[in-house]
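Colleague: The structure is given below, and queries will be raised subsequently.
The values are calculated or read from the model by the stated rules, or taken from the named source; none is laboratory data. None of these values were measured; they are calculated from a predicted model. Glycine also receives a Cβ, built like all others from the backbone with ideal geometry; neighbour counts cover every protein chain displayed.
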Amino acid sequence: MLRRRLNRLFGGDERRVDSRTIYVGHRPCPGSEAFIPPKFCDNRIVSSKYTVWNFLPKNLFEQFRRIANFYFLIIFLVQVIVDTPTSPVTSGLPLFFVITVTAIKQGYEDWLRHKADNEVNKYLVTLLENGQRTRKESEKIKVGDVVEVVEDETFPCDLILLRSSRDDDTCFVTTASLDGESNHKTHYTVPDTERDLELLNATIECEQPQPDLYKFVGRMHIYRDDQEPVVRSLGPENLLLKGATLKNTKKIYGVAVYTGMETKMALNYQGKSQKRSVVEKSINAFLLVYLCILVSKALVCTTLKYVWQSKPGQDEPWYNHKTQKEKDTYLYLKMFTDFLSFMVLFNFIIPVSMYVTVEMQKFLGSFFITWDKDFFDPEIQEGALVNTSDLNEELGQVEYVFTDKTGTLTQNNMEFIECCIDGFQYKYRDSRTELDGFCVTDGPVSKLQQKAGREKEELFLRALCLCHTVQVKEAGPGDGGADLVDGVDGGDGGVPHEAEQRGFIASSPDEVALVKGAMKYGFTFLGLECKQMKIQNRNNDIEVYELLHVLNFDPVRRRMSVIVRTNTGETLLFCKGADSSIFPRVKQDEVDRIRMHVERNATEGYRTLCVAYKQLSAEEYARVDAELQEARLALQDREERLMDVYNRVETGMSLIGATAVEDRLQEEAAETMEALQGAGMKVWVLTGDKMETAKSTCYACRLFQRGTELLELTVRTLEEGGRKREERMHELLLDYHKRAVQDAPPAKGGVTRRWSSPAQEYGFIIDGATLSLVLNATPEASASRYKSLFLQICQNCTAVLCCRMAPLQKAQIVKMVKNSKGNPITLSIGDGANDVSMILEAHVGIGIKGKEGRQAVRNSDYAIPKLKHLKKLLLAHGHLYYVRIAHLVQYFFYKNLCFILPQFLYQFFCGYSQQPLYDAAYLTMYNICFTSMPILAYSLLEQHISIEILLDDAKLYREIAKNAMLRWGPFLYWTLLGLFQGLLFFFGVHCLFRNPALQDNGQVFGNWSYGTIVFTVLVFTVTLKLALDTRHWTWINHFVIWGSLAFYVFFSFFWGGIIWPFLKHQRLYFVFANMLSSVSAWLVIILLIMLSLLPDILLAVLRRRNSPHARQKKPSQSNMGGIQSPRSSARPLLMRTFSDESNTVI
Amino acid sequence: MMKKKEETANRPDNTAFTQQRLPAWQPMLSAGIVIPGFVLIGMAFIGIGVALFITSRNIQVLERDYTGDESNSPCNTCTHSSPDCNCVLNFTLSKLFEGPVFFYYGLSNYYQNYRRYGVSRDDSQLSGDVAYFKNPDSNCAPYRVDSKSVPIVPCGSIANSMFNDTFRLYHIVNGKEMEVPFDGKGIAWWTDYNVKFRNPSLVNGTLKAAFDGTVKPINWPKPAYELDPTDSSNNGFLNQDFLVWMRAAALPDFRKLYRRITQGDYAAGLPAGNYSLKITYNYPVLSFGGRKKIVLSNVSWMGGKNQFLGIAYLVIGSLCIVMSMVMLIVYAKFKFPDDGS
């Protein structure tokens, strides 16, 4: 992307080339000027970051760009340069460890990338060179080479398809590795190219490489010896993408147009932007506090040191003379180095290991999501997918859920329900019971037992059979069971029947539903071969139509058309599309009869499409054909020009009928939504669908309840007043604001508000057009005012429905809420390409592995197979992850505060000389070995509330809302606890050491014994504190907690038991063993551990006073809900929508 | 067949660990556990506390400051006179001072835990490695080499500032002074004496020769190999007083063991009566505001006298009992339904 922009910027004047010219087979063309072989990049893919030579410097540079690593590097350097109390090893070793582990991990990953690159680059491909087939390594392919690819091979670069072994000049391709869509796509050869590629003399002109997989514009000039060059248009259907695989086709020949890093696959290969979680922000804030503590400690000590030294006799007592060098040092420099020394002494308060532990927790913890078998969907044979582990805890903090409707709330599993032909309603009943499949139901409009004319019926069904881009899946011998067909075979569990088993492949499930619907009524689409569409009609005759043009569907036009020629020579245009885009283009007298049906179907939650047709006269067709050809050849603005032609063609049609397709709700959609709302989240439905359809889905999902008062802000309500839209909107906004915000009971703020006042619930509905009116109101000032009004209203509504949304508008809404007051955490969930923008925009993006390809999944942070899994993902996993990591962070700060505080206090008793209280080994190992494993195990395994209860009682989610465990309150508690314990450790042992004769043989203990006693108390206390907090003791917890205590004891014996030859000072020699031989030391250790844990035990007991209430009652509450909910869902959808309708304000 | 395999490959493992369903013990700190627990702990603490308190109270301690900065104190004259000044400190014991009696000297405002001071030693030297006799560790500066660049052994501030007052205790029986025998063995850590500190191997059968090419620490009157003229095995780095001094104290007010009284008539303790302590006053402390004292004490299983532990245990123990009472009352009043279950 950037590169392209740069190209545009810099290459602008010098060589303003928006297109590239390719000589097929490097043959100079007669028509063109002198043949200059153009320079393009080679076909080498480089995804690796490092080479053997630059790995070390580059990787180190990358690593030290992280602020934490840099900080520790500085500390390390200070230790090396300045005379400091602790040896550089104490901070160097952990840093070295962290850096090495990261470097090894990154190096390994890069090695894998190198391997993968090599596999691709060294792959042998067959080239056609001067009539010879030569084998070459893939990386040697140059633009213009003609490449041969055989079945099941992947394309080595982006190719223009020249020749296929299939008779119909097509080939099948699956792009599973590019966008995850495993269905077969048909690609076409360039028409009119010679069969013999040796003789082909052509140039290709195409746009510069761009990353969009679905866009390609080009033009091919074919030169023949004597004739004028022939020009053929090239589109994405001619382009075979690198990474895609050839299927069902023996072999193809293509000419390379984009190679190496310029292929679309490589251009799409880029890291996503990093999302940061709130927990990380909290960590940074806490770090800042601790940094302040660190600096102030060092400042206090430095100041006091010089104050103390100014007293006579203290600066340089006779027993402790300074060296000459020390005497000569400039005073201020001495002060500065003293300050640095203190910083080094206390730097352990910010532990390097916290980052490692947090990273490990996130990385390992995310496995529990992938491993969860509840997320496994037997239908697609897949479980959940975690694309980033950085956001695990964010799942526990979600306040706003933005969900797509189609495919997310609903199954996107379309079923043809009914149709309306010429105003008469046809409802399908099981074709096996009633032979002709048609039956007329009690439509309120259609007169009983009346049918539209047979001719109209058949026209309508033919339209359904012809107007689509569905392919018939061939069950050829080439593709056995291993091939994945986008599973829409017709058999709904019925008897295997040839016609019903027919698989249809289409980009949109609606189309398949319509084709299958037509099949039920006797018209079967047999397939498209050589531009001939075959239909089997009711009389089992085969009708053949020549497909002349497909006017593709696009979301702006919201319709698609085909132009076909019947065997009688008539040229027909069939068009189907959304009512709003069809009605203005048909004769008005037909509209009213059908509109009623369409609207009624929409309120029932069906997706409706209108079908129209038009007969084209020969002259008309000729003109259209010419225009279309011209537009298709255009290199610039092709899209716009095509659109223009389409719009001109699709006018003056006559309406035949309408269809209704049901999109059933996802399994447990309502329960999931209810749980999310119960958990205090606000659910917004963002859909491109019609308001009526979307509204009824909302009712069905229980997002809107019977008592919900609906506030509507749509084009419909805006037009009612008969005044200018903006004025009306202004008025409505104010009115709604008054109702929903001002008249609402005084808010206590935050999530609690809604739950304290069950008075009136509001739902808000807005559509895309109105939203853009709100957001883009003409004067800037009023726009921001509208926006804030709109936001305030929405924040007071239980559910918000935004319909008729363009993908970008979805992202706009998410962004608006994300940046509103309080910066709420947003989550977007969707399944289609149109949801990608909002998935990327929200704090957490969830993709559903649905039917609409893999775009959403690829761009999401987490992907789940079904909507219902969202409940467990948020309520159980999210909750647990949040609690775990919050506890991890707080605990880490706490344990390092009470680790370093005694060392700080000791300075007051050692003449501010930076004397460390603990031995260097203890300083180094404390965070790495003695106390790291228990908290890691806790942060992976803790379930303070069991998963079942979390799922049963959604309200528990609200207990951790708004970053509850990492706000300043809890932080203060932990800090105070750390302070208390640190003071206790130090002064407790201090009191004991007023008489250092602690052994029964009268011998005295020295300073290292002092430190070791404090350290022993410290290690035991912080570990037991964690044990107290652990609510879920698996064997791993037992092993790790008792194991690390045992390890501490073992290590201390070991460390003190040997004279270590590499140590200058044998400080700890037998100190630990001697300590244990003193009864007093034992007693003081027990006393201090007990005393420091006492407040925590008390608090736990006091807290427990409330929790049993809550936890006892909750299951019974949810039971009540459980009894109630089936009843409400049992109510027929229709009844509900109509009775609820009365609550609508307008 | 193939499809089945695929299915099992994709399906997450259904193990207790991956499904986060490991069997777990879920302890709840309910009142049913905590109240009896507190009572038990409280009782145990009070028990220990009483034992500690009584033990500590029974330990006899006699402390005498002999800094000599006050004009009426016996050592006043020594504060500004030449080394090896003698002064006498008299005291009376009204009852038997039970043995074994331990004789400590104490210093205050003396920063043995000063960082530069604490590292100013060469443990390799002290473990008898002759290589470091020639080239002492740089940390020993400014007591690494003398003005003529001859290495100092033992080098460093700690060794240089070794305490060098000496004491002799006399029991006055019928006006006659009877010297109380001091036992200078076993005052240092066993491991220090036997493992950590080693004399250099003898050269020509003498320790003196092993120290050839080195000088004594500047403040020492005698070299290391002549520290104890009475006992040849108590010389060099294995001199017990030296070992005691080399184990740096934790706090600026400290005491160090000087001698034990375990021999002869005094093994059972010091009988009541008058005693006089003859001090050879060498060690200057007034320059940095320090003080010196001697301490006579006997020890128990818990070491020297220290009231802190006993009192702390008693306080915490009673606190536990009180809290369990409070909790009991609170719980009895509000009746929590699921307690005890």
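Colleague: Working carefully through the options A:Glu399, A:Glu379, A:Glu393, find the one that is modelled with pLDDT under 85 and acidic (Asp, Glu).
Modeller: A:Glu379 is the lone residue from the list that is modelled with pLDDT under 85 and acidic (Asp, Glu).
Colleague: Find the residue count for the range B:138-154, including only residues that are closer than 21 Å to A:Glu326 by Cβ, among the aliphatic types (A, V, I, L, M) and out of contact with any Pro (no Cβ under 9 Å at 6 or more places or on another chain). Let's see the steps before the verdict.
Modeller: Let us first name the residues in the range B:138-154 that are closer than 21 Å to A:Glu326 by Cβ, namely B:138-147, B:149, B:151-152.
Right, trim to among the aliphatic types (A, V, I, L, M) and you get B:141, B:145, B:152.
Applying the additional criterion that residues be out of contact with any Pro (no Cβ under 9 Å at 6 or more places or on another chain) yields B:141.
Qualifying residue count, the range B:138-154: 1.
Colleague: Could you tell me which residue of the range A:983-1021 is farthest from the other protein chains (Cβ to nearest Cβ), considering only residues that are under 16 Å from A:Tyr922 (Cβ atoms) and in contact with a Ser or Thr (Cβ under 7 Å, 6 or more places away or on another chain)?
Modeller: That would be A:Val1019.
So that you can scan it fast, the table gives a plain yes or no per residue for (1) over 28 Å from A:Gln999 (Cβ atoms); (2) touching a helix residue (DSSP H, G or I) at 6+ places or on another chain (Cβ under 8 Å); (3) touching a residue at least 60 places away in the same chain (Cβ under 8 Å); (4) buried (at least 21 other Cβ atoms within 10 Å of the Cβ):
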{"site": "B:Arg198", "(1), (2), (3), (4)": "no, yes, yes, no"}
{"site": "B:Gly205", "(1), (2), (3), (4)": "yes, no, no, no"}
{"site": "B:Val215", "(1), (2), (3), (4)": "yes, no, yes, no"}
{"site": "B:Asn239", "(1), (2), (3), (4)": "no, yes, no, yes"}
{"site": "B:Phe242", "(1), (2), (3), (4)": "no, yes, yes, yes"}
{"site": "B:Ala250", "(1), (2), (3), (4)": "no, yes, yes, yes"}
{"site": "B:Asp253", "(1), (2), (3), (4)": "no, no, yes, no"}
{"site": "B:Lys256", "(1), (2), (3), (4)": "no, yes, yes, yes"}
{"site": "B:Ala268", "(1), (2), (3), (4)": "no, no, yes, no"}
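Colleague: Could you check A:Val591 against (1) over 40 Å from the mean Cα position of the chain (by Cα); (2) modelled with pLDDT of 85 or more and say which number it fails?
Modeller: It is condition (2) that A:Val591 fails.
Colleague: Taking the criterion of being under 30 Å from A:Tyr906 (Cβ atoms) and touching a residue at least 24 places away in the same chain (Cβ under 8 Å), would at least one residue in the range A:222-233 satisfy it? Reasoning before the result, please.
Modeller: Step one: list which residues in the range A:222-233 are under 30 Å from A:Tyr906 (Cβ atoms), which gives none.
Checked the range A:222-233: no residue is under 30 Å from A:Tyr906 (Cβ atoms) and touching a residue at least 24 places away in the same chain (Cβ under 8 Å).
Colleague: Residues of the range A:1099-1123 being facing chain B (nearest Cβ under 7 Å) and modelled with pLDDT of 55 or more, which ones?
Modeller: Here is the first cut: in the range A:1099-1123, the residues facing chain B (nearest Cβ under 7 Å) are A:1100-1101, A:1104-1105, A:1108, A:1112.
The answer is A:Ala1100, A:Val1101, A:Arg1104, A:Arg1105.
Colleague: Kindly check whether there is at least one residue in the range A:1053-1075 that is facing another protein chain (nearest Cβ under 10 Å) and under 50 Å from the mean Cα position of the chain (by Cα).
Modeller: no
Colleague: If a residue must be surrounded by 12 or more Cβ atoms within 10 Å (Cβ to Cβ) and modelled with pLDDT of 60 or more, how many such residues does the range A:739-775 contain?
Modeller: Number satisfying all stated conditions: 20.
Colleague: Right, here's the next one. Kindly list, by first and then second residue, each pair from a residue in the range A:98-123 that is under 17 Å from A:Phe61 (Cα atoms) to a residue that is surrounded by 15 or more Cβ atoms within 10 Å (Cβ to Cβ) and of a type in the set (Phe, Trp, Tyr), limited to pairs with Cβ atoms under 6 Å and residues at least 6 apart or on different chains.
Modeller: A:Asp110/A:Tyr50
Colleague: Among the candidates B:Gly273, B:Gly317, B:Gly264, which residue alone is within 14 Å of chain A (Cβ to nearest Cβ) and farther than 30 Å from B:Thr206 by Cα?
Modeller: Result of the check over B:Gly273, B:Gly317, B:Gly264: B:Gly317.
Colleague: So A:Met560 ticks every box in (1) of a type in the set (A, V, I, L, M, F, W, C); (2) modelled with pLDDT of 80 or more; (3) under 15 Å from A:Val472 (Cα atoms); (4) surrounded by 21 or more Cβ atoms within 10 Å (Cβ to Cβ) but one. Which box is left unticked?
Modeller: Among (1) of a type in the set (A, V, I, L, M, F, W, C); (2) modelled with pLDDT of 80 or more; (3) under 15 Å from A:Val472 (Cα atoms); (4) surrounded by 21 or more Cβ atoms within 10 Å (Cβ to Cβ), A:Met560 violates only (3).
Colleague: Right, next: Determine whether A:Lys275 is over 30 Å from A:Lys122 (Cβ atoms) and over 33 Å from the mean Cα position of the chain (by Cα).
Modeller: On the way: over 30 Å from A:Lys122 (Cβ atoms): yes; over 33 Å from the mean Cα position of the chain (by Cα): no.
Criteria not met by A:Lys275.
Colleague: Same structure, new question: Tell me which of these A:Leu979 doesn't satisfy, since it passes every other one: (1) farther than 30 Å from A:Gln397 by Cβ; (2) in contact (Cβ under 8 Å) with a residue 60 or more places away in the chain.
Modeller: (1)
Colleague: Given the options A:Ser946, A:Ser939, name the one that is polar (S, T, N, Q), under 47 Å from the mean Cα position of the chain (by Cα), surrounded by fewer than 20 Cβ atoms within 10 Å (Cβ to Cβ) and within 27 Å of A:Arg1103 (Cβ to Cβ).
Modeller: Within the list A:Ser946, A:Ser939, the selection yields A:Ser946.
Colleague: Something else: Among the numbered criteria (1) surrounded by fewer than 22 Cβ atoms within 10 Å (Cβ to Cβ); (2) touching a residue at least 60 places away in the same chain (Cβ under 8 Å), which single criterion is violated by A:Leu867?
Modeller: (1)
Colleague: Which of the numbered conditions does B:Val180 fail, given that it passes all the others? Conditions: (1) more than 26 Å from the chain's Cα centre (by Cα); (2) of a type in the set (Val, Ile, Thr); (3) away from every other protein chain (no Cβ under 14 Å).
Modeller: Just one mismatch for B:Val180, condition (1).
Colleague: Another question, then. Conditions first: (1) away from chain B (no Cβ under 13 Å); (2) under 28 Å from A:Val1071 (Cβ atoms). A:Ile1041 passes all but one, so which condition is the exception?
Modeller: (1)
Colleague: Kindly establish whether A:Glu393 is charged (D, E, K, R), within 27 Å of A:Gly92 (Cβ to Cβ) and in a helix (DSSP H, G or I). It would help to see each step written out before you state the result.
Modeller: Numbers: charged (D, E, K, R): yes; within 27 Å of A:Gly92 (Cβ to Cβ): no; in a helix (DSSP H, G or I): yes.
Considered against the rule, which asks whether it is charged (D, E, K, R), within 27 Å of A:Gly92 (Cβ to Cβ) and in a helix (DSSP H, G or I), A:Glu393 comes out as no.
Colleague: Does B:Tyr258 fit the bill of being among the aromatic types (Phe, Trp, Tyr) and either touching a Phe, Trp or Tyr at 6+ places or on another chain (Cβ under 6 Å) or not in a helix (DSSP H, G or I) (or both)?
Modeller: So B:Tyr258 fits the description; yes.
Colleague: Name the pairs: first residue in the range A:1032-1061 and under 30 Å from B:Phe197 (Cβ atoms), second residue of a type in the set (Ser, Thr, Tyr) and part of a helix (DSSP H, G or I), Cβ to Cβ under 9 Å, at least 6 apart or on different chains?
Modeller: Pairs found: A:Tyr1048/A:Thr1016; A:Tyr1048/A:Thr1023; A:Val1049/A:Thr1016; A:Ser1052/A:Tyr922; A:Ser1052/A:Thr1012; A:Ser1052/A:Thr1016; A:Trp1055/A:Tyr922; A:Gly1056/A:Thr1012.
Colleague: Which of (1) out of contact with any Cys (no Cβ under 6 Å at 6 or more places or on another chain); (2) among the small types (Gly, Ala, Ser); (3) part of a helix (DSSP H, G or I); (4) buried (at least 22 other Cβ atoms within 10 Å of the Cβ) does A:Gly978 not meet, given it meets every other one?
Modeller: All conditions are met except number (1).
Colleague: Can you tell me which residue is modelled with the lowest pLDDT among those in the range A:114-138 that are part of a helix (DSSP H, G or I) and loosely packed, with under 13 Cβ neighbours inside 10 Å? Even if it seems obvious, please write down each step before you answer.
Modeller: Going residue by residue through the range A:114-138, those that are part of a helix (DSSP H, G or I) are A:114-121, A:138.
In the following step, the residues that additionally are loosely packed, with under 13 Cβ neighbours inside 10 Å were identified as A:115, A:119.
Numbers: A:Lys115: 87, A:Glu119: 84.
If we take residues in the range A:114-138 being part of a helix (DSSP H, G or I) and loosely packed, with under 13 Cβ neighbours inside 10 Å, then A:Glu119 is modelled with the lowest pLDDT.
Colleague: Any chance the range A:701-708 includes a residue that's surrounded by fewer than 23 Cβ atoms within 10 Å (Cβ to Cβ) and closer than 22 Å to A:Gln809 by Cβ?
Modeller: no
Colleague: Follow-up question, since we're still on this one. State which residue is nearest to A:Gln903 (Cα to Cα) when the search covers only the range A:327-342 and only residues that are within 12 Å of chain B (Cβ to nearest Cβ) and surrounded by 14 or more Cβ atoms within 10 Å (Cβ to Cβ).
Modeller: A:Phe342
Colleague: Here is a follow-up. If we keep just the residues of the range B:291-314 that are touching a helix residue (DSSP H, G or I) at 6+ places or on another chain (Cβ under 7 Å) and part of a strand (DSSP E or B), which is nearest to the other protein chains (Cβ to nearest Cβ)?
Modeller: Only one residue tops the list, namely B:Gly303.
Colleague: Now, a different point. Filtering the range A:130-142 down to residues that are without any contact (Cβ under 8 Å) to a residue 60 or more places away in the chain and touching a strand residue (DSSP E or B) at 6+ places or on another chain (Cβ under 8 Å), which residue is farthest from A:Tyr355 (Cα to Cα)?
Modeller: Once the filter is applied, the top-ranked residue is A:Arg133.
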